[in-house]
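The values are calculated or read from the model by the stated rules, or taken from the named source; none is laboratory data. Keep in mind it's a predicted model, so treat the numbers as computed, not measured. Backbone-built Cβ (ideal geometry, glycine too); neighbour counts: all protein chains shown. Just the protein is used for accessible areas: all its heavy atoms, side chains included, with ligands, DNA and RNA removed. Shrake-Rupley method; radii C 1.70, N 1.55, O 1.52, S 1.80 Å.
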Amino acid sequence: MALRGESGAKAALGRDDGKSEARDFCGLSVAALQRLAQGVVDGSLAPDIELYVLNEAVMSSGNTIINAGRTVAVRQDDAPASKKSNPSAVNFSTSQASLKPRHQWTIRDVHEHVLRADIRRHLGARSYLDVVRREHARLLGNPFEGAYVIQAHHSIFGHLVAAIAAHFEHQNAEQSFVWLDVFAADDCGFADQSATLAEKRADFLAQGLFASIEQFDSCLFYVDHWTAPTIITRMRCIWELYGAIKSCKNIEAISIPGEDEQFVRSLPDTNIYETCQYLSRLDIESASCSAEQDRIAIIAAAQRVPGGITTINLAVMNGLRSCLVKRTTRGLAKVLAKEGTSLLVEDRAMEKILGSTKRVHLQYHLTEDLQVSNLTFAANDYLVRVAKLFSYHKQYSEALGLLEIALSIATTCKGPHDSSVADVKTSMAYICIAESRYETALEHLRSALHIKRTYFFKDVDSIVETHSAIADALHAQGETDDALAQLRESIAFETKHSYWWNKRVPTRTTFQVARILRSESRHDEALAQLQRVLELEIASFGSTSGCVGYIQNAMALELACKGDHKGALTKTLECVTDITKDRKTKTAAEEAAPYNSLRSMCNIAVNMIDLGHVDVGLAQLRKVQQELQDREGPTSPAVLHITGLIAQHLGAVEHFNEALQLLEEAHRKYQTSLATSREYPLEHIEDEIVRVLRRQGKFDAALTRLRCTLQRTRAALGTEHVECIMAYEATASILQAQGCFDEALAHYQEALKMRQARFGEESPELLGTMRAIAFVFGDQGRFDQALAQLCLAKQLQTKQTKEGNSRCAGTMLDVASVLNSQGKSSAALEQLLGALEMLRTQETASSDGVVLSILESISNTLESQGDLQGTLAHLKELHALEREMFGEDNINLVRTMKRIALVLAEQGMFVEADSQLEKVRNLTETALGPASPQLWELAEDHAAILTLQGKLGEALTLLRGTKEKRKTHYGSRHLSVARVTEAIALILCDQGWFDEALAQLQEALSIRKEELSPSHTMVRETERMIAHVHEESGKSEAALEMQKNILGSQQSLLGSNHPFLLDDVKEVSLTMMKLGRFEESLTSLQEFLEALISDHGLNHPWVANISRTIAAVFHGQGELDKSLEYYRQEHHILKNLDPAHPLIASNMRRTAMVLQEKGEDNGALAQLDEIAKMQNERRTAVSFLEATETLDAAASVFRSQGRYEEALSRCREALQVRQKCLTPTHLDVLYTQIAISRLHSDLCQYEPALAQLQEVCSIFRMNYAPLCANCAMIDICSIMLMQGRAEDALMKS
């Protein structure tokens, strides 16, 4: 066969010109290889060499220690009694070593003592192929002819040759050729090791090796034992396998005759999981490599592969799994032919066995072939065990194919009601659950349960396990009540079959009940269940039982989830005491005690963190991590779990960089280890890294990781695998958060197609993706499409679950969320009230969590409508339900209680709000202790209410105090410090201390940039605050420059007309308006408006929003008619969206102001009267601020009409409301007093006007920066001039 193309040859040979040395890729015939192996065994080759394996370490003549287990060679001397070592001069006695039989010589042994000897005898030969070419050229094939063989040099040479011979047994051995690296130049380390050659070698490994593999007809790799294949421990072997897989080469595993059969026979005696674990330990980075320069070259090349080391590991592992399935299937057929059939049928293909199951994945041609009808029950055990092996390797279709055969055999041989039938159906169900095919799984499980309970009711463990599996499948589908009923039935059955000679405590089932109840926030019920089983465990086995610690830890977890962290801490300390007692009594629980103790220490640490002692808790977790690491190694599931826990809590307290560093280190350790974990796989660490990157706003870094994961998963598991689908959805989620909505939508839609292909068109597995698509539509402003998508989801949900299921209510909650975003709050409220009524009719405890969410959404919707009375009523109902669920003094009550306080403050009921906050403070201190950071958050909430009330000094004092506490607790560069600093800056800005406010904001910005991406939302928000302070201080140019920078950065990321830019476009335009740059402002706004109308149509909330801003710019320009036109356009859109839209009142007030300036005072008053009428009809407790704004607007209109007394009446009414709710120093109170003084001046009542203004000036001077009093001072000067007091006016000015 000729060399295939000169360009291909050059690439494969690793050279680009004729000067470099060519690598020899001519294969050796299989017959020659067999003769070589025979010569080694019979001693005709290297007859004077004997190999010994050292039983103990010995010293060489060069004073080098040669370790036990090493092979050393001796050459026979003329004197038979003496031996001298060669070539390493190792002196040892026969008692220190054992003779190594020739049939056990490894590939390396043959190379060192047979091949190299032949090379030395032939002058100028650089490889064994050169020797063969000179003596027997006919034994060599053409370059790249035959098979490329991958093998580990530590494998036995005779076994490798036997495996190759078996592979080619139906072909002419003289004309079949194989290439092994031990026959070629410098691949075995015996050629010139100069720097030039080392460089060529590295280049070949990085580039030429893969090209050379691709040139061969096929690729074989030798597996010595499937239980622990040596090949996965060698770096070069893994790299060659990856090259073969990458080139789509026909790759096949070979092994000695009988190895596949032996592997299948060993499965009953071998831990299948351990076998799978060994294969999963494949890791190219930590694999062995004989030459250090080769290791460096391969790792460098591997790191350039997209996805790096992990991509290579998973691709090779997947290739090995595929070969394992083929070889094991062949071995299974051979075993069944000998032991599992009553008749051997020749000339049948294996696919005829498996074709009846319609699973073409297992169509492999074998030498012994069978028919299902000939399989006896003896085959059943082998089929089930091999299926279990396949399922561990995630080869689910193949596993199900075998189990269907096993089911057919068991049914035929033993009848449909035998326990073997039930066992096979249970195994099939577990695979269906792994594939999320819950309905099919439930069919199998219910059938199995019927068999077991009817005919094998004494097999309690098996029946309990089946109940548990049914409950899991039901819970996964959202059928929580049915799942709990199934578990209660299981507990009753287990308790019924507990006898004095065989006591049974349903601990495991109770744990499952508690887990389901916890997922539904039914913590009291879960605790009651755990307490019951704890009492039963102690009564049955005593307090030293190993399960006692586990139950107490579970109760501590439940208390912590409930919010009772002190109770959780107390329960965990009890657990530690009991475990210590276990150790002292030396009971059977002693083995479990150390792990229970560490679990308890973890629980203590987590509760300490929840109670505010972050440093203490994290130190405790690190101590547990170190102890576990010393005991189990750095990559044990427990260590990885603790590492993830530490990183999670670091992320929770916003130490993102530290969390990321810890996770990256864990990720590196995981990849470089020979261990893997089903309990805490690599994907968990990668998910946590992506979560931290997302919180930091580092979306590109998160996307890079996710895309590598997606590529790796797709290559390893196929595009329809659940993990691949989830990787698509995770990528879409990041794209959505980044604002790349079209890309996110494409990923979600692709994921939906994959789910439909895998699970069917009406599977509940589609619902989550459908909801995600709906929310992307909502983010894009395509609200109608979002609602249509959610409607489809609800229809599908109704088919799959009971009407009234809490998940249906959850979909209605999503619909309401979209309607609220669209501005249709009345329709949203209707949806929410309907969902609430549906759940109350259902009256199941599993719906309580959804009821809480619905009540919260109702209160939010009512608040957005301005219905504060309705908001307060629903918040109180929510609070009552939470008290019923969690208890009176539970920390979970705090959030709703704080919201009640804030709504009271919005109504001007500050005394009641303060009283509510005091209750919250007492509850928090009782639940979490006086050092909890939640008390600082509460102080910050109190500061917000004080600011609303006008008590700026008190608010500032509170905030400065919490800032210092946060700096002490978290460090001065913590994100929470930045948040408080921003709040301080805004109060300073309100007080007129602009320079100090800017300094505070710059500090906050520098902190945020350390932990977050420059494009993070919070970084942009701080920059907007800085622009706001510039604008307030009169530095509009500086404000405009910063606003344009923000807008430009956002446009470079998202595009020019992205909906995320709406607020920034408005801010830039309004600032330009203040600078008198009206045309420039209007141009940018109208371009944005045209783009919105083009994308979404005229009746869209975003169009109304931008129309309002355009109207404001026209108003500022004095173009009153155009301003009125755009205000009316906004009003029309809002009315179409919702006749009770909360923004209609503010729109009408602005319209009234324009009408007033146009001189249409009656029209303005009509607008204001209509606002009052709307509010009266709705009978809602509107915000006192909104009420006073309407009074201010009416006063302004009356003043323009010269109706000063009526205007004065409105202003006094507004002042009375404000003084009742706000402090005398509040800016709204002061500006209302200035307005009243101006009306007094209009009525020529100069003395009352002056008295009022002087009082206002005095308050300004005491509480605000000096410039804030200017407006009042100007009015004083004006009145003095009217009074003829020019000198006094001049002095004042």
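Just to be sure, is VAL1068 in contact (Cβ under 8 Å) with a residue 60 or more places away in the chain, assigned to a helix (DSSP H, G or I) and open to solvent by less than 70 Å² (accessible area, probe 1.4 Å)? When the stated conditions are applied, VAL1068 does not pass them. Pairs linking a residue in segment 1107-1128 that is under 19 Å from VAL1068 (Cα atoms) to a residue that is buried (at least 20 other Cβ atoms within 10 Å of the Cβ) and of a type in the set (Lys, Arg), with Cβ atoms under 7 Å and 6 or more positions apart or on different chains, are THR1109/LYS1066.
Cβ separations smaller than 6 Å between residues 6+ apart or across chains give the following pairs from segment 720-739 residues that are on the phi < 0 side of the Ramachandran plot and touching a residue at least 40 places away in the same chain (Cβ under 8 Å) to residues that are buried (at least 20 other Cβ atoms within 10 Å of the Cβ) and β-branched (Val, Ile, Thr): GLU723/THR713; GLN736/VAL776. Has segment 871-891 got any residue that is of a type in the set (Lys, Arg) and assigned to a helix (DSSP H, G or I)? So far as segment 871-891 goes, yes, one or more of its residues are of a type in the set (Lys, Arg) and assigned to a helix (DSSP H, G or I).
The residue list CYS1244, CYS1257 contains one member that is open to solvent by less than 10 Å² (accessible area, probe 1.4 Å) and over 22 Å from THR1188 (Cα atoms), which is CYS1257.
Criterion first (in a loop (DSSP other than H, G, I, E, B) and of a type in the set (Ser, Thr, Tyr)) does SER468 satisfy it? Spell out the reasoning first.
Values: in a loop (DSSP other than H, G, I, E, B): no; of a type in the set (Ser, Thr, Tyr): yes.
The answer is no for SER468.
Suppose we keep only residues that are assigned to a helix (DSSP H, G or I) and open to solvent by 50 Å² or more (accessible area, probe 1.4 Å) within segment 1103-1128. Which one would you say is farthest from ARG1149 (Cα to Cα)? Before you say what the answer is, go through the steps one by one.
Initially, segment 1103-1128 is screened for residues assigned to a helix (DSSP H, G or I), giving 1103-1117, 1120-1128.
Now restrict to residues that are open to solvent by 50 Å² or more (accessible area, probe 1.4 Å): 1117, 1121-1122, 1125, 1128.
On the way: GLN1117: 19, ASP1121: 16, LYS1122: 17, GLU1125: 15, ARG1128: 12 Å.
That would be GLN1117.
Against the test of being assigned to a helix (DSSP H, G or I), at pLDDT 85 or above and of a type in the set (A, V, I, L, M), the options ALA1172, ALA1194 yield a single qualifying residue, ALA1194. Taking segment 1091-1108 as the range and being of a type in the set (D, E, K, R) and at pLDDT below 90 as the test, only ASP1095 passes.
Picking from GLU443, GLU494, which residue would you name as being within 22 Å of SER420 (Cβ to Cβ), open to solvent by 10 Å² or more (accessible area, probe 1.4 Å) and in a helix (DSSP H, G or I)? Talk me through it step by step, then tell me what you get.
Numbers: GLU494 fails: within 22 Å of SER420 (Cβ to Cβ).
After ruling out the rest, the residue left standing is GLU443.
Across segment 117-162, the number of residues qualifying as open to solvent by 30 Å² or more (accessible area, probe 1.4 Å), among the aliphatic types (A, V, I, L, M), outside any helix (DSSP H, G or I) and touching a residue at least 12 places away in the same chain (Cβ under 8 Å) comes to 1.
So which residues in segment 1262-1292 are closer than 27 Å to GLN991 by Cβ, over 60 Å from the mean Cα position of the chain (by Cα) and either modelled with pLDDT of 75 or more or among the charged types (D, E, K, R) (or both), if there are any at all?
The initial filter retains those residues of segment 1262-1292 that are closer than 27 Å to GLN991 by Cβ, namely 1262-1279, 1291-1292.
Now restrict to residues that are over 60 Å from the mean Cα position of the chain (by Cα): 1274-1279, 1291-1292.
Listed by number, the residues that qualify are ILE1274, ASP1275, ILE1276, CYS1277, SER1278, ILE1279, LYS1292.
From the residues in segment 474-490 that are hydrophobic (A, V, I, L, M, F, W, C) and surrounded by fewer than 20 Cβ atoms within 10 Å (Cβ to Cβ), which one is modelled with the lowest pLDDT? By that ranking, first place goes to ALA476. When ARG1212 is tested against (1) more than 60 Å from the chain's Cα centre (by Cα); (2) farther than 21 Å from SER1278 by Cβ, just one condition goes unmet, and that condition is (1).
Among the residues of segment 1234-1280, those that are closer than 30 Å to ALA955 by Cα and outside any helix (DSSP H, G or I) comprise TYR1264, ALA1265. Does segment 526-542 hold any residues that are open to solvent by less than 70 Å² (accessible area, probe 1.4 Å) and among the acidic types (Asp, Glu), and which are they? Within segment 526-542, just GLU537 meets the criteria. Considering only residues in segment 662-697 that are of a type outside the set (Asp, Glu), surrounded by fewer than 21 Cβ atoms within 10 Å (Cβ to Cβ) and outside any helix (DSSP H, G or I), the one that is modelled with the lowest pLDDT turns out to be LEU674.
Where helices (runs of 4 or more DSSP H) sit wholly within segment 241-322, those with at least 3 residues that are open to solvent by 20 Å² or more (accessible area, probe 1.4 Å) and modelled with pLDDT of 80 or more occupy 259-266, 292-303. For segment 1030-1042, the condition of being closer than 30 Å to PHE699 by Cβ, buried (at least 16 other Cβ atoms within 10 Å of the Cβ), at pLDDT below 90 and under 37 Å from the mean Cα position of the chain (by Cα) holds for none of the residues.
Tallying residues that are outside any loop (DSSP other than H, G, I, E, B) and in contact with a Ser or Thr (Cβ under 9 Å, 6 or more places away or on another chain) within segment 382-395 yields 8. Criterion applied to SER543, SER521 was being modelled with pLDDT under 90, closer than 28 Å to CYS808 by Cβ and either part of a loop (DSSP other than H, G, I, E, B) or out of contact with any Gly (no Cβ under 6 Å at 6 or more places or on another chain) (or both), and the one residue passing it is SER521.
Taking (1) under 14 Å from ALA422 (Cα atoms); (2) in contact (Cβ under 8 Å) with a residue 24 or more places away in the chain in turn, HIS450 satisfies each apart from (2). Residue pairs whose Cβ atoms lie under 6 Å apart, separated by 6 or more positions or on different chains, with the first residue in segment 1209-1221 and free of Cβ contacts under 8 Å to residues at least 24 places away in the same chain and closer than 16 Å to LEU948 by Cα and the second among the polar types (S, T, N, Q) and open to solvent by less than 70 Å² (accessible area, probe 1.4 Å), are LEU1215/THR1232.
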